[in-house]
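Peer 1: Take this structure, written in structure tokens, and hold onto it; I'll ask about it next.
The values are calculated or read from the model by the stated rules, or taken from the named source; none is laboratory data. Predicted, not measured: the structure shown is a model, and the values here were computed from it. With ideal geometry, Cβ positions are generated from the backbone for all residues, glycine too; neighbour counts draw on all protein chains shown. Ligands, DNA and RNA are stripped out before the accessible areas are found, and what is left, the full protein with its side chains, is counted by its heavy atoms. Shrake-Rupley method; radii C 1.70, N 1.55, O 1.52, S 1.80 Å.
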Amino acid sequence: MNETPMNSLAQVYDREFRIRGLRQQSWGRGLIAVAVLIWLWLGYLLVLPFSADPGGNSKPVECESRTFHQNGRWARTYAGDEGERCDAERDWGPITAGLLLSLPFAVLGTGLYVAGTSSVRTAAYAADIARLNLTREI
């Protein structure tokens, strides 16, 4: 038998390469999870009805969601349908800022996950090729 195992330095490098790929995948999953949490919060702000505090000793004003606010047959603006207080309570500025804040997390997370997956798959491919070469030599 002419079977020559991988030398120890190559094994160490292969193991570290796989660990680095798995670590990148983990970081990618984490960053994508942060982006998804931000998106869920934005969905909550856009879809669910809420109450706005009018200030003073008055009762809270019940407001429809920004997404489903149409009163009557013809669509108007949110401020026209629900009033200025509801419009000020769920302003577009923070919602847009949340969306913009989530984009770097989503892009970096996707990039890290793809790079980690590529590393793990490349290591598996190299191991398969080495195994095929060893069986061919026997």
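Peer 1: Step by step: first the residues of region 107-123, then only those that are among the polar types (S, T, N, Q) and modelled with pLDDT under 95, then the one that is most open to solvent (accessible area, probe 1.4 Å). Which residue is that? First the steps, then the outcome.
Peer 2: Residues of region 107-123 that are among the polar types (S, T, N, Q), as a first pass: 110, 117-119, 122.
Next, from what is left, pick out any that are modelled with pLDDT under 95: 119, 122.
Details: Ser119: 24, Thr122: 74 Å².
If we take residues in region 107-123 being among the polar types (S, T, N, Q) and modelled with pLDDT under 95, then Thr122 is most open to solvent (accessible area, probe 1.4 Å).
Peer 1: Output the number of the condition that Leu101 fails; it satisfies all remaining conditions of (1) within 23 Å of the chain's Cα centre (by Cα); (2) open to solvent by less than 80 Å² (accessible area, probe 1.4 Å).
Peer 2: Tallying (1) within 23 Å of the chain's Cα centre (by Cα); (2) open to solvent by less than 80 Å² (accessible area, probe 1.4 Å), Leu101 fails exactly one: (2).
Peer 1: Follow-up question, since we're still on this one. When you scan region 55-83, how many residues do you find that are open to solvent by 50 Å² or more (accessible area, probe 1.4 Å), of a type outside the set (Val, Ile, Thr) and either in contact with a strand residue (DSSP E or B) (Cβ under 8 Å, 6 or more places away or on another chain) or modelled with pLDDT of 75 or more (or both)?
Peer 2: Of the residues in region 55-83, 5 are open to solvent by 50 Å² or more (accessible area, probe 1.4 Å), of a type outside the set (Val, Ile, Thr) and either in contact with a strand residue (DSSP E or B) (Cβ under 8 Å, 6 or more places away or on another chain) or modelled with pLDDT of 75 or more (or both).
Peer 1: I've got another one for you. State which residue is modelled with the lowest pLDDT when the search covers only region 1-33 and only residues that are among the acidic types (Asp, Glu) and part of a helix (DSSP H, G or I). It would help to see each step written out before you state the result.
Peer 2: The initial filter retains those residues of region 1-33 that are among the acidic types (Asp, Glu), namely 3, 14, 16.
Pick out the ones that are also part of a helix (DSSP H, G or I) and you get 14, 16.
Working: Asp14: 86, Glu16: 92.
Looking at the filtered set, the residue picked out is Asp14.
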